[in-house]
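Reviewing the structure listed below.
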Amino acid sequence: MTYKTHLSTGLLFSSIVFLVLMDIQYSPILILSLAISTIIGSSSPDLDTPTGELWDKIPAGGVLSRLIKPVFIGGHRHLSHSLIGFVLFAGLFYLILSLIPDLPVLHATYFLLLAYAIGYASHITADLFTEMGVPLLFPLGYHLGIPPIKRTRMKTGRWFENLVVYPVLTLALIVTIYWYISVN
Ligand SMILES: [Zn+2]
């Protein structure tokens, strides 16, 4: 999946959980923090792609990505696209959050961690539908996918993703946000 599709997927799932399923009074700062945490979570699994779109968006990203690459054993879609990677990255995000001395909202840490986890999980879930699949059970090398037959799955960045998947997800996101605004 491309970066924009991962962002739409993450924000859609996050808005369903926070705006539809949970009944919380949100301040603007909390909404913004949840959105940023979701975006970071949605982006994290592809940090293992040195040539990825994400790195192009960061100043000196090309150099940075090559420095970081040895951390991700085996290259793209390995550790960071697995259940172990999910737990490790969420733990790292929690650690970073706990280092911020005064989060603006009480219990925000857990909400932000949840937003990050939703973004991350939605990324891995979306990649399950692509031709390459996902090594969910890393270090076992087997790639899982939906549907199980590889050639019936989507190719990243092709017309089906750009003209069907991405617009439908983005529309669903807009509808969810519109619904939340209209009932509150
Ligand atoms: Zn990915």
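In the condition set (1) away from the ligand (no atom under 16 Å from the Cβ); (2) under 13 Å from Tyr120 (Cα atoms); (3) touching a residue at least 24 places away in the same chain (Cβ under 8 Å); (4) surrounded by fewer than 19 Cβ atoms within 10 Å (Cβ to Cβ), Ser37 is compliant with all but (4).
If you check Tyr116 against the conditions, is it within 16 Å of the ligand (Cβ to nearest atom), surrounded by 15 or more Cβ atoms within 10 Å (Cβ to Cβ) and either assigned to a loop (DSSP other than H, G, I, E, B) or hydroxyl-bearing (Ser, Thr, Tyr) (or both)? Yes, satisfied. Taken over the range 1-32, the criterion of being buried (at least 19 other Cβ atoms within 10 Å of the Cβ) and either touching a Lys or Arg at 6+ places or on another chain (Cβ under 7 Å) or polar (S, T, N, Q) (or both) is satisfied by Thr5, Ser8, Thr9, Ser14, Ser15. One residue stands out in the range 132-148 among those that are among the aliphatic types (A, V, I, L, M) and either assigned to a loop (DSSP other than H, G, I, E, B) or farther than 21 Å from Thr2 by Cα (or both): the one that is nearest to the ligand (Cβ to nearest atom), namely Met132. Just checking, does the range 6-20 include any residue being aliphatic (A, V, I, L, M), farther than 22 Å from Phe89 by Cβ, in a helix (DSSP H, G or I) and free of Cβ contacts under 8 Å to residues at least 12 places away in the same chain? No, the range 6-20 contains no residue that is aliphatic (A, V, I, L, M), farther than 22 Å from Phe89 by Cβ, in a helix (DSSP H, G or I) and free of Cβ contacts under 8 Å to residues at least 12 places away in the same chain.
Scanning the range 149-171 for residues that are surrounded by fewer than 15 Cβ atoms within 10 Å (Cβ to Cβ) and part of a helix (DSSP H, G or I) yields Lys150, Arg151, Thr152, Trp159, Phe160, Asn162, Leu163, Val164, Pro167, Val168, Leu171.
Values in this text are rule-based calculations from the coordinates and carry no lab data. This structure is a prediction, so every number in the text was calculated from the model and none was measured. Neighbour counts run over all protein chains shown; Cβ positions are idealised from the backbone, glycine included.
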